[in-house]
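Before any comments, here is the structure.
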Amino acid sequence: MLPSFFRLAAAALLSLAVAGCTSTASGNKVMANAPVSSSAGLMQPAAFAPTPTEATPYFISFRARNALSYGHTFVVFGKFDANGQVPYDATGTLVPSMTEVAGLHPASTSNVPYMIGHILPVPSETGASDGDTEKAYLLAEWTIPLTATQYSAISAYIHDLQDRSPVWNAVTYNCSSFVGDIARHMGFKTPSPLHLPETYITDLREMNT
């Protein structure tokens, strides 16, 4: 059990981090099982648009989902289904043979590393976390079609970034910082990583479309 002074310090920094994540927009709340944002969908930003004659069977999707805390930001990338959509099965779960998930989070299901990570960097994982693959938990998304060449380059960058991201910290390098590195590599403008995940993805989409 954490000492009392450590718990108080963690709580104070947690409050500071959450306050820093809150945008100026009102009503920005993370609710369990919130529906997918109606503004989510396929968008083609000029900064990363293939020529009209190029096939785009692949995609990258910048996403935010709800959680018991203030949510999580991550990316899904892979191949569209036969209808040109992000592939889900009948239960609303991403098809694993057609998709990959990348996102930065503490390497534990315990709350202790998560609390410590608001003060000190803690070991991280960079794959899927609980809820990332389920459509029911999705709060916001921005999905971009990719050519085979673009997909090859971006997936290689993501895999390299996963290898280079050994720690997580709520303030200095969090899940939105990780996603922001991917977006900037693609030439996009990015918002502050201290925005709440839903706001971060919404702002990312609006800044680049």
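Note on A156 and I119: with the Förster distance fixed at 30 Å, the Cβ-Cβ geometry gives a FRET efficiency of about 0.30. Proximity of backbone amide H atoms, modeled 1.01 Å from N, is registered between Y88 and V95 at under 5 Å, excluding neighbours fewer than 5 places apart on the same chain. Each of F188, F178 was scored by other Cβ atoms within 10 Å of its Cβ. Listed from fewest to most, they are F188, F178. In this simple spin-label model, placing a label point 7 Å from the Cα along the Cα-to-Cβ direction at both R164 and S110 gives a separation of 3.1 nm. Distance between the modelled labels on Y88 and D130, one decimal in nanometres: 2.1 nm (7 Å Cα→Cβ projection). Ordered by the count of other Cβ atoms within 10 Å of each Cβ, fewest first, K189, K79 give K189, K79.
For the stretch 37-208, the share of alpha carbon pairs falling in successive 5 Å distance bins from zero is 1, 9, 18, 23, 22, 15, 8, 3, 1, 0, 0 percent.
What the Cβ-Cβ distance of M207 and H185 gives, at R0 = 25 Å and to the nearest 0.05, is a FRET efficiency of 0.95. Distance between Cα centroids, the stretch 113-150 to the stretch 153-209: provide it in whole Å. For the stretch 113-150 versus the stretch 153-209, the Cα centre distance is 10 Å. Inter-label distance, A55 to D81: 2.0 nm, where each label sits 7 Å from its Cα along the C-beta direction.
Backbone phi angles across the stretch 174-191, fed through the Karplus curve with coefficients 6.51, -1.76 and 1.60 (θ = phi - 60°), yield HN-Hα couplings of 10, 5, 6, 4, 4, 5, x, 4, 5, 4, 5, 4, 7, x, 8, 7, 10, x Hz in residue order; Gly and Pro are listed as x.
Computed from the coordinates by the stated procedures, all read-outs in this text should not be read as laboratory data. Worth saying up front: this structure is predicted, and the values here are computed from it rather than measured. Cβ atoms come from the backbone with ideal geometry, glycine included; neighbour counts cover every protein chain shown.
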